[in-house]
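Right, one structure below, let's go through it.
Every read-out reported here was derived from the displayed coordinates using simple, explicitly stated rules and does not represent laboratory data. Quick caveat, the model's predicted, so the values are computed rather than measured. Ideal geometry is used to build each Cβ from the backbone, glycine not excepted, and the neighbour counts take in all protein chains shown.
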Amino acid sequence: MTRAVCPGSFDPVTNGHLDIIRRAAAIFDELVVATGANPSKSRLFDPEARLEMLREVCVDLPNVTVMGFSGLIVDFCREIGAQAIVKGLRGGNDYEYELPMAQMNSHLTGVETVFVPTNASWGYVSSSLVKEVASLGGDVSTLVPPAVHARLTLRQAERASGTG
């Protein structure tokens with residue numbers, strides 16, 4: 001059985017993320033979608049909220065499990081017996097960023113990284129851009145799953161009112 005991990009911050013999960021998750025789930029017997037707790041990064045959603053959103057959008061994928069992790073992704077892969085890491089690539093800049101990490105991960109543990117190019121229709125979508133556009137009142141409803149859009153709208157309203 002092949003098990004892979006698709007890691008990310010997923011802050012929030014976008015339709016581009018979901019496209020990569022669905023396609024990776026079709027390749028591997030089991031896919032673990034993992035979101036890390038990185039205290040050095042400021043997030044819009046806390047780790048539990050990101051896990052909940054991921055579980056909601058992956059509910060129809062029977063071979064997908066959602067988990068949180070801390071520390072190195074390769075240590076997490078070793079703990080759960082994953083043979084590969086799946087990373088989505090939007091373009092050359094993503095490749096330049098991800099390749100050295102993939103090489104280091106392989107060097108450290110032998111866990112291979114599989115790069116999946118994003119569908120061209122999602123190539124411009126990132127969590128950062130979605131958050132920025134949403135914070136300025138732009139419509140991001142076509143860029144994130146409906147359940148995520150509802151949470152994003154609520155979170156942005158909380159922030160605007162000073163309660164979040």
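Can you report the principal axis dimensions of the range 3-123 using only the alpha carbons, biggest first, rounded to whole angstrom?
Over the range 3-123, Cα extents along the principal axes are 34, 31, 31 Å.
Given Ala24, Gly92, Val57, which one lies farthest toward the positive end of the charge dipole of the range 1-105, if we put +1 on the Cβ of every Lys and Arg and -1 on the Cβ of every Asp and Glu?
Gly92
Using alpha carbons only, what's the Rg to Rh ratio of the range 10-57 with Rh from Kirkwood? Working shown, then result.
Details: Rg = 11.6 Å, Rh = 11.6 Å.
That ratio equals 1.00.
Treat the count of other C-beta atoms within 10 Å as a stand-in for reagent exposure and order Asp46, Asp19 from fewest to most.
Values: Asp46 11, Asp19 17.
Listed from fewest to most nearby Cβ atoms, that is Asp46, Asp19.
Mean-square fluctuation check for the chain, GNM, Cα pairs under 10 Å: which of Met67, Met104, Met53 is largest?
Most flexible of the set in this elastic network: Met104.
Using amide H atoms built in the peptide plane, which far-off residues or other-chain residues are under 5 Å from Val116 H to H?
Lys87, Gly88, Leu89
GNM, the chain, Cα, under 10 Å: largest mean-square fluctuation among Leu129, Leu51, Leu89?
Result: Leu129 has the largest fluctuation of those listed.
Pairs of Cα atoms under 8 Å, at least six residues apart: use those to get the relative contact order of the chain, whole percent.
On the way: 236 pairs, mean separation 45.8, N = 164.
Computed value for the chain: 28 percent relative contact order.
When the Cα centres of the range 97-128 and the range 8-87 are compared, how far apart do they sit, in Å?
Rounded to whole Å, the Cα centres lie 13 Å apart.
Once amide H atoms are placed 1.01 Å from N in the peptide plane, what residues at a sequence separation of 5 or more from Thr65, or on another chain, have their amide H within under 5 Å of its amide H?
Placed amide hydrogens put Leu31, Val32, Val33 under 5 Å from Thr65.
Within the range 1-45, which trypsin sites (Lys or Arg not before Pro) sit in a loop by DSSP and count at most 12 neighbouring Cβ atoms inside 10 Å? Each step should come with its number before you reach the end.
Details: sites: Arg3, Arg22, Arg23, Lys41, Arg43; in loops: Lys41, Arg43.
Listed in order of number, the matching sites are Lys41.
Show me, for the range 72-89, the HN-Hα J-couplings you get by feeding each phi into the Karplus relation (A = 6.51, B = -1.76, C = 1.60, θ = phi - 60°), rounded to Hz, glycine and proline as x.
6, 4, 5, 5, 4, 4, 5, 4, 9, x, 7, 8, 8, 10, 9, 10, x, 10
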